[in-house]
Amino acid sequence: MKPIFFLTLISGLAASVVEGSARAHRQARRPQPSIEFEPEIVQPSLKLDKVNLKQLTEAPAISPRAANDFYECRNARPAPSDNDCNSIIDNVFALDQSITVASNACLTFQFGTCWGFFCSLCETLTTDTTFIGNQLISAEALCVANGQIGTVVSNDAPQWQAGFVYQGAGLPDYDVC
């Protein structure tokens, strides 16, 4: 009886190890979440007055062009998750590509509760994802890290805006042209 019990125990353990190994292999092959990159044209929908824009100051976490840019943070309930917005930033940098954005059009980056955006406001703009990622870092550091939504806006040609809103919210539209 003892040899049969021992063999049953060994075969049961072997089956568990094989099943656990297969489960771990399936989990390892599951793709990690990434942002949804939509290069289609999206129109900004929330008209905002530029009177509330504040000038950016030089700071390590903020874009090196900060002296020419402005920002606005706004309270939102609910606010996007800072972790979700940081995932967008990481994935935008990982794209590592050139992008052309048509006049008055936006690129959106979606992950969890956070929607990131980059819009060309007055004319067609050719840039790259490193530039876009740096602008999103500014909006995250100034606004999202403090539980708000926010936008960084350039008054200099070519004018653009970048920032974060809660999933499904309208994108801001600043008249700086």
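Looking for whichever is in contact (Cβ under 8 Å) with a residue 40 or more places away in the chain and surrounded by fewer than 16 Cβ atoms within 10 Å (Cβ to Cβ) here; the options are Asn104, Asn86, Asn146. Which one fits?
Just a single option satisfies the conditions, and that option is Asn146.
Is segment 92-115 home to any residue that is among the charged types (D, E, K, R), outside any strand (DSSP E or B) and more than 14 Å from the chain's Cα centre (by Cα)?
Yes, that holds for at least one residue.
Name the pairs: first residue in segment 155-175 and part of a strand (DSSP E or B), second residue surrounded by fewer than 15 Cβ atoms within 10 Å (Cβ to Cβ), Cβ to Cβ under 7 Å, at least 6 apart or on different chains?
That search, which allows pairs on different chains as well, returns Tyr166/Pro78; Pro172/Leu46; Asp173/Ser45; Asp173/Leu46; Asp173/Lys47; Tyr174/Lys50.
For segment 131-143, which positions are of a type in the set (S, T, N, Q) and open to solvent by less than 10 Å² (accessible area, probe 1.4 Å)?
Answer for segment 131-143, where residues must be of a type in the set (S, T, N, Q) and open to solvent by less than 10 Å² (accessible area, probe 1.4 Å): Gln135, Ser138.
How about segment 150-167: which of its residues are farther than 10 Å from Gly116 by Cα and open to solvent by 10 Å² or more (accessible area, probe 1.4 Å)?
Asn155, Asp156, Ala157, Pro158, Gln159
Thr113 versus (1) buried (at least 17 other Cβ atoms within 10 Å of the Cβ); (2) under 19 Å from Val153 (Cα atoms); (3) not aliphatic (A, V, I, L, M): which is the lone unmet condition?
(2)
The values are calculated or read from the model by the stated rules, or taken from the named source; none is laboratory data. Only a predicted model underlies this, so the values are computations on that prediction, with no experimental measurement involved. Note: ideal-geometry Cβ built from the backbone for every residue, glycine included; neighbour counts use all protein chains shown. Protein only, heavy atoms only, side chains kept; ligands, DNA and RNA dropped before computing areas. Shrake-Rupley method; radii C 1.70, N 1.55, O 1.52, S 1.80 Å.
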